[in-house]
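Where a number appears in this text, it was derived from the coordinates with a stated rule and is not lab data. In this text, all values refer to a predicted model and were calculated from it rather than measured experimentally. With ideal geometry, Cβ positions are generated from the backbone for all residues, glycine too; neighbour counts draw on all protein chains shown.
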Amino acid sequence: MKQLRTVVIVALVAGLIWVFAEGQSLRRVTKTMEVTIRPDQAGRLIERVGAGLPARNGARGVSVSIEVTLEGPTSSLDRLDAARLAPVLVEPGSPGVPIAAGEHVVDLRELLRTANVWRDDAVSVVRTEPASLGIRVVELQSAEVPVAVVVPEGLRGRVTVRASREMATMRWHGEPPVMDPPWPEGDRVEARLSAEDLAGLSPGVPTTLAGVQLVPSAMARSLAADVGEVAIEPRLADVVVTLGGDAATVAVAAVPVYVRVAAVEQGLWEVRVPEDRVLSGVRLVGPASVLEPITSGEQVIFATVTLTLDDLRAGVREKAVELLDLPTGVRPEGSLPKVRLDIEPRREAGEG
């Protein structure tokens, strides 16, 4: 019995030694994994370079699928077999990845080795396929440019404008522009206002136009042809507008009224305005200098009644008028009147 116990103990010890030795014996495995070099917080972009790739491929980062051959103890490699290999995420300045602008060759074996992806010093990287990766590090450039507000030519000198910010920042990826001075004096980002933007504003009253789109400067447009996108920060600005001149109110003695009907409907309906087709006593508010051509008769304004197909079919009895082609900064005082209408389908010739 004593001899049997000794044999069992020896067998168990031998088995443990074998298991331990097996676990510590070295072997190799090959796995597929993803490596991504992403932009860093400083805004540097990463592009892939190499045969068959464009000089500027517009990428924000580079991801490649690689085969990596690992060597280590069986026990360590078995743990890797049981775990999903997460993608390796690095950026410019990470171990093995250059931070300087320009083209570089990244040694993928060295990148994985220095990154210590598996947190196991017993596992080593034997080789990768591909062995290296060509990248280009593209730095983020910027320039401060004045913001200018542009108004329609006919209103220049008659309106005061002020943007909510004096400067905007233009950003692009690439080389800084080679010029002296570094940025052309007089170049500017524009907040452009249209006549529609200014229509209906009261003279002498500051009005804020929110969210006016900023338009890239001439230099930015030229630069974009070389480097691609040039971003403006911020993209929008508020503009405070004050129409110049003293506010004035005038009464227009007679404003002709015209009825507008779609061309395809004109021959199908009889539309009559029972009263004279003239509005009297229409009052307009605006800068005195802008109203003067109207009061002198040099500029004639018109009122229209626009009838839709639904209006015609319903035989509407009245409808409000609109004033056409009012100068910028001029608006009617109060609401405009409605005109009475008689609408009937037009009879065909020969109908009884």
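Quick check: residue separation of VAL215 and LEU89 times 0.36 nm, minus the Cα distance between them. What number comes out in nm? List each step's numbers first, then the result.
Values: separation 126, 0.36 × 126 = 45.36 nm, distance 3.67 nm.
This chain segment gains 41.7 nm when fully extended.
Could you tell me the calculated FRET efficiency between ARG331 and THR32, based on Cβ-Cβ distance and R0 = 56 angstrom, to the nearest 0.05?
On the way: r = 70 Å, r/R0 = 1.25.
After rounding, the FRET efficiency stands at 0.20.
Under a Cβ-Cβ cut-off of 13 Å, what is the net charge of the residues other than GLN213 that fall near it, where Lys and Arg count +1 and Asp and Glu count -1?
Values: positive: ARG192, ARG235; negative: GLU190, ASP197, ASP238.
Spelling it out: positives minus negatives among the neighbours equals -1.
Less than 14 Å Cβ to Cβ from GLU275, Lys/Arg counted +1 and Asp/Glu -1: what total charge do the surrounding residues give?
Working: positive: ARG272, ARG277, ARG317, LYS319, LYS338, ARG340; negative: ASP276, GLU318, ASP342.
So the surrounding residues net to +3.
Fully extended, how many nm does the chain gain between ASP107 and GLN299 (0.36 nm per residue separation, minus their Cα-Cα distance)? Kindly include the intermediate steps, with their values, before the conclusion.
Numbers: separation 192, 0.36 × 192 = 69.12 nm, distance 7.68 nm.
Additional length available on full extension: 61.4 nm.
Just to confirm the filter: which GluC sites (Glu not before Pro) across segment 200-283 are DSSP coil and have at most 10 other Cβ within 10 angstrom of their Cβ? Before the final figure, lay out each step's value.
On the way: sites: GLU229, GLU265, GLU270, GLU275; in loops: GLU229, GLU275.
Sites meeting the loop and neighbour criteria: GLU229, GLU275.
Taking each pair of different alpha-carbon atoms in segment 259-352 once, compute 1/r for the pair, average those values, and report the inverse of that mean as the Kirkwood hydrodynamic radius in Å to one decimal.
Details: mean 1/r = 0.0652 Å⁻¹.
This gives a value of 15.3 Å.
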